[in-house]
Amino acid sequence: MRALGVRHLLQGAATARGILPPAWGAVPDSLHAATMVGVALRGDRWRTAALTDFCVACAFALSSVHVSRAGRIGLRVYEPRPR
């Protein structure tokens, strides 16, 4: 869990600074979702947790793709508050 949390923080920081394009964030999230399917199929003990984590990883991957696609067609997904 700690490694996953660190990965999310690093990925978010890299995306926010413009180092990592938002669409690339879908790659590790998709790989994580695929491994959770394997864990869910492997045993009954972790099935519920793995399927829940699979859904969260899919949501992150889809949101990365959505943000990337919206940026390409000129939509502003995040509008900063005026100061």
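The values are calculated or read from the model by the stated rules, or taken from the named source; none is laboratory data. Every value quoted in this text rests on a predicted model; they were computed, and no experiment measured them. Cβ coordinates were reconstructed from backbone atoms using ideal geometry, including for glycine residues, and neighbour counts include every protein chain displayed. Remember, those area values only see protein heavy atoms, side chains included, never the ligands or the DNA or RNA. Shrake-Rupley method; radii C 1.70, N 1.55, O 1.52, S 1.80 Å.
Data table
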{"quantity": "Area of Thr48 that stays accessible when all protein chains are in place (1.4 Å probe, Å², to 10)", "calculated": "110 Å²"}
{"quantity": "³J(HN,Hα) computed for each position of region 6-16 - Karplus, 6.51 cos²θ - 1.76 cosθ + 1.60, integer Hz, glycine/proline x", "calculated": "5, 4, 5, 5, 5, 5, x, 5, 5, 5, 5"}
{"quantity": "Loop-located trypsin sites (Lys or Arg not before Pro) in region 1-60, at most 16 other Cβ atoms within 10 Å (DSSP)", "calculated": "Arg17, Arg45"}
